[in-house]
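Working notes, structure below.
Quick note: the coordinates plus some simple rules give every number you see, no bench work behind them. Bear in mind that the values here come from a model prediction, so they are computed numbers and not experimental data. Glycine also receives a Cβ, built like all others from the backbone with ideal geometry; neighbour counts cover every protein chain displayed.
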Amino acid sequence: MPIVIEQLSHTYLPGSALAYPALSDITLTVSDGEFLGVIGHTGSGKSTLIQHFNGLLLPTSGSVHVDGLDTREKKLRKQIRSLVGMVFQYPEYQLFEETVERDVAFGPKNMGLDDAEAATRVSEALCLVGLDPAEFAEKSPFELSGGEKRRAALAGILAMRPKYLVLDEPMACLDPRGRREILALIESLRRDFGTGIVMVSHSMDDVAMYADRIAVLDKGSLYLVGSPEEVFSRGAELIEMGLNLPQATQLVRALRKRGVPIEHDYFRMDELTKELVGRWRHER
Amino acid sequence: MPSEAIIKLVNVGFQYAGSEKTALKNISLSIKKGEVVAVVGHNGSGKSTLCKLFNALLLPAEGTVTVDGMDTSAEANLLEIRRRVGMVFQNPDNQLVTTIVEEDVGFGPENLGVPPAEIRARVDAALGEVEMRDYAEKASHALSGGQKQRVAIAGLLAMQPEVLVLDEATAMLDPRGREEVLSTVLKLNRERGMTVVMITQFMEEALGADRVFVLHDSRLVMEGTPREVFNERALLEESRLDAPAFVKLRDDLLAAGLPVSQDAMTCDALADEISRALTA
Amino acid sequence: MNANITLGQFLPGDSAVHRLDPRTKILLMVVYIAIVFVVKSLTVFLLPVVLLVVMFAFAHVPASYFFSSLKPMRWLLAFMFVINLFATTGDTILFQWKFIRLTQEALLQAAFMTLRLILLVAGTSILTLTTSPIALTDGLEKLMSPLRKLHFPAHELAMMMTIALRFIPTLMEETDRIQKAQMARGADFESGNIFQRAKSMIPVLVPLFVSAFRRADELAMAMESRCYHGGEGRTRMRELHFHWRDLTATLLLLLVLAGIVVWEKLPL
């Protein structure tokens, strides 16, 4: 069963002089095991949107259903939050326990799992994020390196075994290898466990590489949703919104401007490379 | 390009108090006046520690650091060194001291004891340089990340520095904010001859530099022009880094026999080369 | 997104009140507070009420700011009112039901105490609404500077205030974010008794403190980089000057104070 968002609007401080409409009339479905990329300029409503996925924010109008459960129902919220894992930007800032093990166990314990089950979940999650439980479980989360903290925080969400994982800029401030490792982890969750992924990112290349579909937000509205191909073929509109394009798409546009007729809207560098090499060989 | 060194490190070693790990090992380098230098390296490679030596926030345990000939470990030089070497930090929220934009820009000159009328003039000029004059009386917390970083740069300009050091100052920004900050410092370099040192995680940013330093496990492992450095793909990989995507594409095309120039490392340069090769 | 806090908020403007020297405004605030406390009867309160209305008018501050400055205080105000209503003894019984007794004296006393608190809050919010944080701390620093001879850290205190004001919105946003991150992990801040609720705040407070320390550390480094070395030899971009209007305003308020003292003493 999917996450179904219907005609969602959200206004901050409604009814006051400072009322600020952040989202208007958004209809969107996230299917089981799908990888949805969410892109949009800062202030386009991305953060507001994703906080609706697990009822941290509630619709001013419209509705959000997670596997048929309405987020407006207070009784269902705990269940919804264990279905939808939410990884905020810089999740390492949520670490608080004395040991990594206890911190990762926070979510499972809140779900009401017993100690034995929680312990299983903790070591499973730590292994997933590449932190060896034997080495890290007893450490204080505050003595880890930046990249390890990020992964420990991620483990804290994965230990709840969410069916959907919502991530806000999960690679921010990591070095190139750190970024690759986190992306590989997210991709493997989808592949091995069928976890549905919603990822907000400013990195068009990452979104282009992994997403099945991309939702483009602009000024609080859903401007466009479609396959990477559909979305990035409308490069001019994205640039108009202040967004970047994947580097392959940038090159395709630059080549067309120079009179090189490339018909296909490439958005992955490996495919574009193949095309260019093919052309070169053909010309010879 | 003038060849006078403004920052010079000779055999510098550093270790944080209470830490067993050495943060920097035997580093010698010099940064010339008017140059744009990028320092790249993985998380924990020591690049942030390195740049804190440039304005005496940290003092070397071994070796010497000099700024314009002044030894950073001499207490008497401290204020003059910090005036000359301005530093922009990573988190835009943690370096603005006061609530209102123009008052924050005035903070540095106030510390230096500059007369009030001149502070006013410097603040207005500095806000103009970073294109933030319209925000002079606004509250800083309501600005975007890129705007906050530009205000931080204005705060340094008001102290009339010779060098701007950006310690991963774009890491927490969105692409537009990153672009704003980069174009601001590159403009200052072009028009004012400002020396710029960028510590960065984004290899694409290093492409705009005159020289690139690569740090790996507390050591300086490579130094050269972007072209020289990004040609050492194996060494980069070993340093846990990545070449920019267009450099990789260039190499893949070269390997397949396409005659593209080694100098083409950006989208436009590569498009020129490819269109020439394909239409020839 | 906690934007409904007016306390400590600055409303930039160019009114007569805005242009007063911050030192004058701080001193006037002291006089005003004195007035509010000197008044002992509900009728004499008319004077500070008029004064307050005049100040709001002169400062060009919309009345909505008056109400929103009171909003965070509404429970305290209600609490004050109720406590005074039932804790004050009197003879003129207005209403009695079993052991609950409401007297006229208590009603007057409750109204009086609540009004006093409202006047205090509204008056001080005039000060913060019309004075930029830096002007406020500059003024305080200058006023306290004679105490420096007694090794009183006037500059340091003023700098601490500046930084505190600067970081209030940042830390509020951060609290909201951490709270949401923990709620996403199933934390519950809403149910349970007072002890359980206090305990449930640990996952928010620990990260908040850790982050506040990190911010303090980074800010200190940024300040050092910008040549901050204490108050010694520091100049200010905006110098403070007394003008005629400062004198006028002070005299006016002192007259009101004198008037009230006299009125209170008169057998009306």
Residue match in region A:101-117 (condition: under 17 Å from C:GLN182 (Cα atoms) and polar (S, T, N, Q)): yes
Residue match in region A:117-130 (condition: surrounded by fewer than 24 Cβ atoms within 10 Å (Cβ to Cβ), within 22 Å of B:LYS21 (Cα to Cα) and touching a helix residue (DSSP H, G or I) at 6+ places or on another chain (Cβ under 6 Å)): no
Test: residue in region C:68-77 that is touching a helix residue (DSSP H, G or I) at 6+ places or on another chain (Cβ under 8 Å) and in contact (Cβ under 8 Å) with a residue 60 or more places away in the chain: yes
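Let's see how each residue does on (1) more than 18 Å from C:THR248 (Cβ to Cβ); (2) not β-branched (Val, Ile, Thr):
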{"site": "C:ALA16", "(1), (2)": "no, yes"}
{"site": "C:VAL36", "(1), (2)": "yes, no"}
{"site": "C:VAL39", "(1), (2)": "yes, no"}
{"site": "C:VAL49", "(1), (2)": "yes, no"}
{"site": "C:TYR65", "(1), (2)": "yes, yes"}
Residue ID - farthest from the chain's Cα centre (by Cα), chosen from residues in region B:13-33 that are within 27 Å of B:LEU188 (Cβ to Cβ) and buried (at least 19 other Cβ atoms within 10 Å of the Cβ): B:ILE27
Odd one out for C:GLN179 among (1) in contact (Cβ under 8 Å) with a residue 24 or more places away in the chain; (2) polar (S, T, N, Q); (3) at the interface with chain A (Cβ under 9 Å from one of its Cβ atoms): (3)
Verdict on C:SER145 being within 30 Å of C:PHE58 (Cβ to Cβ), surrounded by 15 or more Cβ atoms within 10 Å (Cβ to Cβ) and out of contact with any His (no Cβ under 6 Å at 6 or more places or on another chain): no
Residue count for region A:191-211, restricted to those that are under 12 Å from the mean Cα position of the chain (by Cα) and either over 26 Å from B:PRO92 (Cα atoms) or not charged (D, E, K, R) (or both): 12
Failed item, numbered, when B:ILE7 is tested on (1) in contact with a helix residue (DSSP H, G or I) (Cβ under 6 Å, 6 or more places away or on another chain); (2) part of a strand (DSSP E or B): (1)
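Conditions tested, residue by residue: (1) more than 8 Å from chain C (Cβ to nearest Cβ); (2) surrounded by fewer than 24 Cβ atoms within 10 Å (Cβ to Cβ).
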{"position": "B:GLU35", "(1), (2)": "yes, yes"}
{"position": "B:LEU58", "(1), (2)": "yes, yes"}
{"position": "B:SER73", "(1), (2)": "yes, yes"}
{"position": "B:GLN95", "(1), (2)": "no, no"}
{"position": "B:ASP104", "(1), (2)": "yes, no"}
Condition check for C:GLY186: loosely packed, with under 14 Cβ neighbours inside 10 Å, at positive phi and not aliphatic (A, V, I, L, M): no
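Every residue, every condition in (1) surrounded by 17 or more Cβ atoms within 10 Å (Cβ to Cβ); (2) over 26 Å from B:VAL260 (Cβ atoms); (3) in contact with a Pro (Cβ under 6 Å, 6 or more places away or on another chain), yes or no:
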site: B:GLU191; (1), (2), (3): no, yes, no
site: B:MET194; (1), (2), (3): yes, yes, no
site: B:VAL197; (1), (2), (3): yes, yes, no
site: B:VAL214; (1), (2), (3): yes, no, no
site: B:THR225; (1), (2), (3): no, no, no
site: B:ASN231; (1), (2), (3): yes, no, no
The listed residue being within 21 Å of A:LEU13 (Cβ to Cβ) and out of contact with any Leu (no Cβ under 8 Å at 6 or more places or on another chain), out of A:GLY43, A:GLY62, A:GLY68: A:GLY43
Residue tally, condition at the interface with chain A (Cβ under 9 Å from one of its Cβ atoms) and of a type in the set (Gly, Ala, Ser), over region C:182-203: 3
Residue within region B:211-222 that is touching a strand residue (DSSP E or B) at 6+ places or on another chain (Cβ under 9 Å) and free of Cβ contacts under 8 Å to residues at least 24 places away in the same chain present: yes
Qualifying positions in region B:121-141 - within 16 Å of B:LEU188 (Cβ to Cβ), within 13 Å of chain C (Cβ to nearest Cβ) and not aliphatic (A, V, I, L, M): B:ARG122
Filter pass, A:VAL216 being within 16 Å of the chain's Cα centre (by Cα), away from every other protein chain (no Cβ under 14 Å), buried (at least 19 other Cβ atoms within 10 Å of the Cβ) and in a strand (DSSP E or B): yes
Sole exception among (1) within 14 Å of chain A (Cβ to nearest Cβ); (2) more than 30 Å from B:ASN111 (Cα to Cα) for C:THR170, by number: (2)
Residues (of a type in the set (A, V, I, L, M, F, W, C), without any contact (Cβ under 8 Å) to a residue 24 or more places away in the chain and within 9 Å of chain B (Cβ to nearest Cβ)) located in region C:211-225: C:ALA216, C:MET221, C:ALA222, C:MET223
Some residue of region A:237-253 being facing another protein chain (nearest Cβ under 9 Å), assigned to a helix (DSSP H, G or I) and in contact (Cβ under 8 Å) with a residue 24 or more places away in the chain: yes
Of all residues making up region C:148-169, the number that are surrounded by fewer than 17 Cβ atoms within 10 Å (Cβ to Cβ) and either assigned to a loop (DSSP other than H, G, I, E, B) or among the polar types (S, T, N, Q) (or both): 3
Complete set of residues in region C:123-160 that are within 25 Å of C:PHE56 (Cα to Cα) and within 12 Å of another protein chain (Cβ to nearest Cβ): C:THR128, C:THR131, C:SER132, C:PRO133, C:ILE134, C:ALA135, C:LEU136, C:THR137, C:ASP138
Where a residue in region A:64-75 is touching a residue at least 40 places away in the same chain (Cβ under 8 Å) and its partner, wherever it lies, is assigned to a strand (DSSP E or B) and surrounded by 13 or more Cβ atoms within 10 Å (Cβ to Cβ), with Cβ under 7 Å and at least six apart: A:VAL64/A:ILE5; A:VAL64/A:LEU8; A:HIS65/A:VAL4; A:VAL66/A:ILE3; A:VAL66/A:VAL84
Residue among A:LEU57, A:LEU28 that alone is aliphatic (A, V, I, L, M) and farther than 27 Å from A:ARG234 by Cβ: A:LEU57
Hey, C:HIS241 away from chain A (no Cβ under 13 Å), over 26 Å from the mean Cα position of the chain (by Cα) and either assigned to a loop (DSSP other than H, G, I, E, B) or within 30 Å of B:GLU168 (Cβ to Cβ) (or both) or not: no
Extreme residue, nearest to A:LYS219 (Cα to Cα), among residues of region A:229-284 that are of a type in the set (A, V, I, L, M) and touching a Pro at 6+ places or on another chain (Cβ under 9 Å): A:LEU243
Residues satisfying the stated conditions in region C:177-233, i.e. in a loop (DSSP other than H, G, I, E, B) and small (Gly, Ala, Ser): C:GLY186, C:ALA187, C:SER191, C:GLY192, C:GLY230, C:GLY231, C:GLY233
